[in-house]
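This report refers to the structure that appears directly beneath it.
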Amino acid sequence: MAQFDVHRNIGRQHGAIPFVVVVQSSLFDKYRRRVVVPLVRLSDLDNPNAFAGSRMNPVFTVEGVEVVLHPLEMVSVALEQLGEKVDSLAQNGDRIADALDELLTRSWA
């Protein structure tokens, strides 16, 4: 499993959050957990124009479903809690890293 691999969400919220993306560096592959960010179904957002498409919340299409990266819900999960790999967002790695940078930055606006 590689950084930016997309896995099916097999958790209780799989309807609204059909996928998660692995953001953890491969330097930590020996660890039995992965840090993932939910990919929320765009159509399930109450007010998608409020943040979808921003630097912190880029929009992607996975298996024909428009999803929004939601770094505020980032979590560490055990390997056995990840569903099957369905895609990779490696070609969008810079956008995902930018979103995490936005979340973790110390700048004040």
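Report whether or not Ser76 is assigned to a strand (DSSP E or B) and either of a type outside the set (Lys, Arg) or touching a Pro at 6+ places or on another chain (Cβ under 6 Å) (or both). It would help to see each step written out before you state the result.
Working: assigned to a strand (DSSP E or B): yes; either of a type outside the set (Lys, Arg) or touching a Pro at 6+ places or on another chain (Cβ under 6 Å) (or both): yes.
For Ser76, the condition - assigned to a strand (DSSP E or B) and either of a type outside the set (Lys, Arg) or touching a Pro at 6+ places or on another chain (Cβ under 6 Å) (or both) - is met.
Does Arg34 meet the test of being under 21 Å from Ala90 (Cβ atoms), basic (Lys, Arg) and open to solvent by less than 40 Å² (accessible area, probe 1.4 Å)? Give the steps one after another, and end with the answer.
On the way: under 21 Å from Ala90 (Cβ atoms): yes; basic (Lys, Arg): yes; open to solvent by less than 40 Å² (accessible area, probe 1.4 Å): yes.
Answer is yes for this residue.
Do you know which of the residues in region 50-69 that are open to solvent by less than 40 Å² (accessible area, probe 1.4 Å) and outside any strand (DSSP E or B) is modelled with the lowest pLDDT? Explain how you work it out, then say what you get.
First, pick out the residues of region 50-69 that are open to solvent by less than 40 Å² (accessible area, probe 1.4 Å): 52, 56-58, 60, 62, 65, 67-69.
Applying the additional criterion that residues be outside any strand (DSSP E or B) yields 52, 56-58.
Details: Ala52: 71, Met56: 89, Asn57: 92, Pro58: 95.
Among those residues, the one meeting the criterion is Ala52.
Just give me the residues in region 79-97 being of a type outside the set (Lys, Arg) and in a helix (DSSP H, G or I), in sequence order. Before the answer, list the steps.
Looking only at region 79-97, we keep the residues that are of a type outside the set (Lys, Arg), and these are 79-84, 86-94, 96-97.
Those that are of a type outside the set (Lys, Arg) and in a helix (DSSP H, G or I): Leu79, Glu80, Gln81, Ala90, Gln91, Asn92, Gly93, Asp94, Ile96, Ala97.
Looking at Glu84 and the list (1) at pLDDT 95 or above; (2) surrounded by 14 or more Cβ atoms within 10 Å (Cβ to Cβ), which single condition is not satisfied?
In the conditions (1) at pLDDT 95 or above; (2) surrounded by 14 or more Cβ atoms within 10 Å (Cβ to Cβ), Glu84 misses (2) alone.
Could you please find all residues in region 9-21 being crowded, with 17+ Cβ neighbours inside 10 Å, touching a residue at least 60 places away in the same chain (Cβ under 8 Å) and of a type outside the set (S, T, N, Q)? If you could, list the steps in order and put the result at the bottom.
Here is the first cut: in region 9-21, the residues crowded, with 17+ Cβ neighbours inside 10 Å are 9, 17-21.
Next, from what is left, pick out any that are touching a residue at least 60 places away in the same chain (Cβ under 8 Å): 9, 19-21.
The answer is Phe19, Val20, Val21.
The values are calculated or read from the model by the stated rules, or taken from the named source; none is laboratory data. Source: prediction; values computed, not measured. We place every Cβ from the backbone using ideal geometry, glycine too, and count neighbours over all the protein chains shown. Just so you know, the surface numbers come from the protein's heavy atoms only, side chains and all, with ligands and any DNA or RNA stripped out. Shrake-Rupley method; radii C 1.70, N 1.55, O 1.52, S 1.80 Å.
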